[in-house]
1. From the list Phe113, Phe100, which residue is out of contact with any Cys (no Cβ under 9 Å at 6 or more places or on another chain), among the aromatic types (Phe, Trp, Tyr) and not in a loop (DSSP other than H, G, I, E, B)?
2. Residues in segment 129-144: is at least one touching a helix residue (DSSP H, G or I) at 6+ places or on another chain (Cβ under 8 Å) and either in a loop (DSSP other than H, G, I, E, B) or over 30 Å from Pro216 (Cβ atoms) (or both)?
3. Take Phe144 and decide whether it is under 17 Å from the mean Cα position of the chain (by Cα), surrounded by 15 or more Cβ atoms within 10 Å (Cβ to Cβ) and either of a type in the set (Asp, Glu) or at pLDDT 95 or above (or both).
4. Out of everything in segment 28-49 that is over 12 Å from Leu101 (Cα atoms) and either touching a strand residue (DSSP E or B) at 6+ places or on another chain (Cβ under 6 Å) or among the aliphatic types (A, V, I, L, M) (or both), what residue ends up being surrounded by the most Cβ atoms within 10 Å (Cβ to Cβ)?
5. Any idea which of (1) farther than 20 Å from Leu101 by Cβ; (2) without any contact (Cβ under 8 Å) to a residue 40 or more places away in the chain; (3) part of a helix (DSSP H, G or I) is the one Asn63 doesn't satisfy?
6. Among the residues of segment 196-205, is any modelled with pLDDT of 90 or more and in contact with a Ser or Thr (Cβ under 7 Å, 6 or more places away or on another chain)?
7. Looking at this structure, is Val87 surrounded by 15 or more Cβ atoms within 10 Å (Cβ to Cβ), part of a loop (DSSP other than H, G, I, E, B) and out of contact with any Ser or Thr (no Cβ under 8 Å at 6 or more places or on another chain)?
Amino acid sequence: MWDFPTRAFHWLLALSLCGSWATAEAGFEWIDTHDLLGYFALSLVLFRLLWGFFGARYARFSNFLTGPRRVLATLPKLFSRQPSEDVGHNPIGGWSTLLFLILVTIQAGTGLFISDDVMHVGPYNHTISSSLAGQLAQIHHLNFTALQVFVAIHLLAIAWYRFGKGTNLVGPMLTGKKQLQDAALGIASSQTLKALLLAAVAAAAVTALIQFAPEPTFDEFMF
C-alpha cells in the first residue's frame with residue numbers, strides 16, 4: 001500500500017524535526033547541526049513534492065487531493081467508530097499532508113534569511129533588510145509552534161483511529177502493508193530507483209541553493 005520512499009520520507013522528516021527542535025533548545029554550539037537539519041528537511045520536502053507527481057499510486061497528489069465536497073463528506077466518517085476503509089489518505093488526511101509540507105517549507109525557508117545576531121546567520125540574511133529579517137524570525141518561531149500543534153493533532157488522530165476506530169495507521173507506515181479486500185488495490189512496486197533519482201535532484205537543488213548564495217559585500221559586513 002505505502003511505497004518505501006513515502007515511508008522513508010515520513011520517518012526521516014519526523015527525525016529531522018525532532019532533531020531541529022532539540023538542537024534549537026540545546027544552545028549555540030548546536031547551531032550548525034540545526035542548520036544542516038533545516039537543509040535536510042527542505043530537501044525532504046522538495047523530494048516529496050516531486051514524488052507527489054511522479055511517485056507510486058497512493059503517494060501522488062492526484063490520488064488524495066480532492067474537492068471540498070468530498071472533504072465535507074468525510075467528516076461524519078472521521079468521528080464515527082466505524083473502521084476506516086480508505087486505502088491511502090482520505091480527503092482530510094490528504095489536505096493535511098499538503099498543509100504539513102507547507103508548514104515545513106515555511107520553517108526551513110525562513111531559516112535561510114534570519115540571524116540571531118550572535119552565532120547564526122542564514123545564507124540569504126544579507127539579501128534582505130534587518131527589519132524584514134526580524135519579521136521572518138518571528139514567523140520562524142510562530143510557525144514552529146504551529147508545527148508542534150499540527151504534530152499533536154496528528155498524533156491524536158492516530159490514537160483515535162487505533163483505539164476509537166480500530167484502525168492501525170502506524171503499522172502500514174512502517175511495513176507498507178495493509179490487509180485489503182481487493183489485491184488489485186495494492187501497488188505493484190515502490191519504484192525505488194526513480195525515488196533515488198528524484199531524491200538526488202532534490203538534494204542537489206538545495207545544495208546549490210546554499211552553496212551559490214550571494215556573498216555579502218564589505219559594506220554589508222560594516223552595516
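1. Values: Phe113 fails: not in a loop (DSSP other than H, G, I, E, B).
Selected residue: Phe100, the only one of Phe113, Phe100 that is out of contact with any Cys (no Cβ under 9 Å at 6 or more places or on another chain), among the aromatic types (Phe, Trp, Tyr) and not in a loop (DSSP other than H, G, I, E, B).
2. Taking segment 129-144 first, the residues touching a helix residue (DSSP H, G or I) at 6+ places or on another chain (Cβ under 8 Å) are 133, 136-137, 139-140, 143-144.
Right, trim to either in a loop (DSSP other than H, G, I, E, B) or over 30 Å from Pro216 (Cβ atoms) (or both) and you get none.
No; the residues of segment 129-144 include none that is touching a helix residue (DSSP H, G or I) at 6+ places or on another chain (Cβ under 8 Å) and either in a loop (DSSP other than H, G, I, E, B) or over 30 Å from Pro216 (Cβ atoms) (or both).
3. Values: under 17 Å from the mean Cα position of the chain (by Cα): yes; surrounded by 15 or more Cβ atoms within 10 Å (Cβ to Cβ): yes; either of a type in the set (Asp, Glu) or at pLDDT 95 or above (or both): yes.
So Phe144 passes the test.
4. Let us first name the residues in segment 28-49 that are over 12 Å from Leu101 (Cα atoms), namely 28-40.
Remaining after also requiring either touching a strand residue (DSSP E or B) at 6+ places or on another chain (Cβ under 6 Å) or among the aliphatic types (A, V, I, L, M) (or both): 31, 36-37.
Details: Ile31: 17, Leu36: 15, Leu37: 23.
In this case the residue turns out to be Leu37.
5. Exception for Asn63: condition (1).
6. Here is the first cut: in segment 196-205, the ones modelled with pLDDT of 90 or more are 196-205.
Still in the running and in contact with a Ser or Thr (Cβ under 7 Å, 6 or more places away or on another chain): 202-203.
Yes - at least one qualifying residue is present in segment 196-205.
7. Details: surrounded by 15 or more Cβ atoms within 10 Å (Cβ to Cβ): yes; part of a loop (DSSP other than H, G, I, E, B): yes; out of contact with any Ser or Thr (no Cβ under 8 Å at 6 or more places or on another chain): yes.
When the stated conditions are applied, Val87 passes them.
The values are calculated or read from the model by the stated rules, or taken from the named source; none is laboratory data. Since the structure is predicted, the reported quantities are computational estimates derived from the model, not experimental observations. Cβ atoms come from the backbone with ideal geometry, glycine included; neighbour counts cover every protein chain shown.
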